[in-house]
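> To start, I am sharing the structure in question, which I have written as structure tokens.
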Amino acid sequence: MEYTRADAVQQPVHRVGNPMDIINMVLFLCSEKAGFITGENICIDGGMTKQMIYHGDCGWRLDMSLDMKSKK
């Protein structure tokens with residue numbers, strides 16, 4: 001599935017992640033290029049944890065009614 005518009009725009013990298021994003025990190029960590037990395041937490045989320053938008057921030061409001069409509 002490819003996400004566009006609001007789903008993609010809210011992401012700092014302007015797209016929603018996909019399985020290849022995880023696969024590429026795993027391949028890097030398994031390579032000799034990552035041979036000096038130990039005990040690290042790596043967040044693969046396109047910057048969303050850095051952005052962390054909460055209800056009321058910058059005028060943004062969580063509208064659960066829209067979410068409930070999409071699940072029907």
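The values are calculated or read from the model by the stated rules, or taken from the named source; none is laboratory data. Note that the structure is a prediction, hence the values are computed from the model and not measured. For accessibility, only protein heavy atoms count, side chains too; no ligands or nucleic acids. Shrake-Rupley method; radii C 1.70, N 1.55, O 1.52, S 1.80 Å.
> Of everything in segment 29-48 that's in a helix (DSSP H, G or I) and open to solvent by 80 Å² or more (accessible area, probe 1.4 Å), which residue is nearest to residue 1 (Cα to Cα)?
Within segment 29-48, the match that is nearest to residue 1 (Cα to Cα) is 30.
> Take segment 1-25 and flag every residue that is small (Gly, Ala, Ser), farther than 22 Å from residue 40 by Cα and either open to solvent by 70 Å² or more (accessible area, probe 1.4 Å) or not in a helix (DSSP H, G or I) (or both).
Matches in segment 1-25: 6 only.
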